[in-house]
Amino acid sequence: MKKITGLLTLLFLNTLLFGQENSFCSVQGKVLDEQLAAMGYVNILLLNPQDSSLVHGTLTDEKGDYSLTALTPGNYLIMASMVGMENTWTPVFSLNAGESTRQLEPLVLKASQIELATVEVKGEKPFIELKGDRIVMNVENSPVNTGNNALEVLARAPAVTVDQNDRISLKGKQGVLVIINGKNSYLSNEELARMLASMPAESIESIEIMHNPPAKYDAAGNAGIINIVLKKDKNLGFNGSVQLGLGQGRYTRGNGGLRLNYREKKFNLFGNYNYYQNKRYQDRLFSRSIPFPAGTNVIDQDGQETNNNHSHSFQTGADWFVNDNATLGILLKGNTGDWGMNATTRSDILGYNPVPYDRVSATSAMSETWDNLSGNFNWSQKLTGGQSLNFDADYSSFENPADQYYENYFLDNEGAEVAPENNFRNLNNSRVEIKALKVDYNLPLSEKEASLDLGMKYSDVNTDNILVFDRWVGNTATWENDALFSNQFMYSEQILAAYANYSQNWEKWQLQAGLRMENTQSTGDSPSRDKLVNRKYINLFPSVNLSRTLNENNQMSLSYSRRIDRPTYQNLNPFFFFLDQFTYGKGNPFLQPQYINKVRFSHTWKYSFTTSVSYSRVNDFFAQVTEPDGETRNFINTRNVANENTYNIGVSTPVNITNWWGAYVNVYAYYQSYEATDPAFQAIDRWTGGGYAQTTFTLPWDLSLELSGWFQSPSIWGGTYRTNSLGAVNVAVQKSIADRWSLRLAANDIFFTSPWVADMEFGGLVIDGTGGSDSRQFKINLSYRFGSSDVKRQRNRETGLDDAQDRIGG
């Protein structure tokens, strides 16, 4: 089964890349104004005349010329548009097989006499767009998202992997900074995954992947930045939508949402509410072996886990368009929910056994709630000469109480209890408060076709974590506090950042160069342990991107950036935590940041076929390691263990095979190696290959069909685990009804090929494991749009809550 996805990927590559090489056509033309002068930078849209759907798009150059290449034979028309001008169209024309280039008559744009266009164009963005420094996956209209959550959608993004612990990596590298609408969620990896798992896919418009982000963005993020763009209402008047979804795997899941928007010329009011319920099953098998002089101790563990999540999220805000140059906005967002987990584990002790029992039967339960509230004030001002100034003030609070209970029963091989039970509980409460101020200034340098961006940001984060550890005393039937494991940890961090970014276009060259400075001060205080850790450091983060257009079919770019990956607040927290009777861990307040240098070269042919080669080096790489502690216990800790080198090559291409059949293919390969700086770390290296393929069919009766699949060969997780191959195939169909209703059906991982197999070795401890979840699911979703549909875009603004929110620890 696991070979099916790889075969599908190869089949897509063969069909898409080689089956169409002799059937491409091209179109050329020119756009003029009423005085017959050339008009540069006009939007050119190639449309399907049957339904006005978008096939391809480009801009005219400074001479008013445009060219559309790699077109398949068929009927088309072209629309030219520009702000302040009336749209104009060519007549419908046909491209014939064997025809190389069609020269069209010039289009003449006239000044608009009305404020709004009277013709609506049903233009759907391509599923994958390549935009300069980023790859954009437009998921808004993709039927494969039916009933899914944001984490599942993210796992389908090009070169993105989500492992069995919901850890996100990009081209094999963890430490990805995930931001939402340009700002961070200020959550730890675990809490971020939980939030994304509670976010319906129907609320997402697109996913942007930036391998080498510009200096405007926070320097955090080992592998780059993933920006999840949520849907924005684009309509005048009152409008909205409502949607309901149902999914079935081993258990049933459901979701629902409501979006409302009211917009006039002077103001915009908007809000949305989403509910998500997800019950999920996971199973794991582990075998742990440790050699001793008396023999090898082996512990085989068989565990099953069921967790159930309910979440409510809302967003409400208003924009006031004071005049043509000034806009004021407020935004309030909230997320609240609960998460429960029940697990059972059977552990058998084989070989050398230093304890008086042969088996441990364990149950564990966890219940937690969270409340996250954030607010933003935004002022946007246009100044003279095309200058602009943007100011953001943000506040966010997060509270996360969690209770965990563990019961351990010690048995012999016959199942008889031979030792007193060991029951304990953790009562934990985490509070996080974040304040941020950000200002951005843009100065156009029109005489040089250049611009200068300047900005500053200040963030202040304070966390307070309290852990109460109690043990059950059987003879008194009471809980007694264990002061050794109980603790309080308070952490504060202030970051002052400033950046400058210069961009310029000349002839066929484009340059973007920036420098960001970040001054970080932090204090970690554990009063119950009488430990205080103070840090202060200043870093510079340069970035540069140089691009050149060789000719109408070839573009290339070279980029470099330096970045930082700071530890999460949870990793710095010196609390003890327990996974089972044999495994426990503790945070590391002395954990150092890791620094990343990355260079990337890319080439694009005919604005679609992109090849990239990159190299990155991570100094002071930190990883979560498991090592033996005594004869039966294992200790988990995150620490700086090595320097990491990664070499990567990738190829991606969107292809319009016919007017009704489109596809996207992304394949990659990378090599990872490690230079150990910790004597106990076993340096490993491995080549990994993989790919993602997606094809969409536009069918009669307003139906669309989508088939997608991904595959990854054996790889390295987190610098310590070696994994076997993974993959999945998904299928979905969508039906539009009366332009208002939409019905979607989908099936995920239909061949059930995503369960994982992995092994690791550290400090003499060897772990082999396998597991998976109920990833094969069937889903149905129904949505309805109501209200005005006049085209008018709502402004998209970014707030100042950036990298800190990705690091909140529960």
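A few remarks follow.
- Residues Thr369 and Gln488, FRET efficiency given R0 of 22 Å [Cβ-Cβ distance, rounded to 0.05]: 0.60
- For the range 335-397, alpha-carbon Rg relative to the globular expectation (2.2 N^0.38 Å, N residues): 2.58
- Theoretical FRET efficiency, 1/(1+(r/R0)^6), r = Cβ-Cβ of Tyr647 and Thr344, R0 35 Å, to 0.05: 0.20
- Taken over the range 469-525, the convex hull of the Cα atoms encloses 132 Å³ per residue.
- Annotation: extensible slack from Phe391 through Leu511 equals 40.6 nm (criterion: 0.36 nm per residue apart, minus Cα-Cα distance).
- Environment charge of Ser561, counting only residues whose C-beta is closer than 9 Å and scoring Lys/Arg +1, Asp/Glu -1: +4
- Cβ-based net charge around Tyr584, under 9 Å, with every Lys or Arg adding one and every Asp or Glu removing one: 0
- By average C-beta atoms within 10 angstrom, highest first, the peptides 35-44, 683-692, 561-570: 561-570, 683-692, 35-44
- D (Stokes-Einstein, µm²/s), Kirkwood Cα radius, the range 353-495, 1.567 mPa s at 4 °C: 64 µm²/s
- R0 of 22 Å, Cβ-Cβ distance Asn724-Lys606: FRET efficiency to nearest 0.05: 0.05
- Count Lys and Arg as plus one, Asp and Glu as minus one, and take only other residues whose Cβ is under 13 Å from that of Asn640; the net charge is then -3.
- Kirkwood hydrodynamic radius over Cα pairs of the range 271-369, then Stokes diffusion coefficient at 25 °C and 0.890 mPa s, in µm²/s: 135 µm²/s
- Here the simple spin-label model places points 7 Å from the Cα toward Cβ, and for Leu540 and His310 these points are separated by 5.5 nm.
- Each listed q (0.21 Å⁻¹) maps to a log10 I(q)/I(0) for the range 393-434 from the Debye sum over equal C-alpha point scatterers, namely -0.75.
- Peptides ranked, highest mean first, by Cβ atoms within 10 Å: ranges 336-342, 737-743: 336-342, 737-743
Taken together, the values in this text are just the output of simple stated rules run on the coordinates, not laboratory data. Since we're looking at a predicted model, the values are computed, not measured. Here the Cβ is made from the backbone with ideal geometry for all residues, glycine too, and neighbour counts use every protein chain on show.
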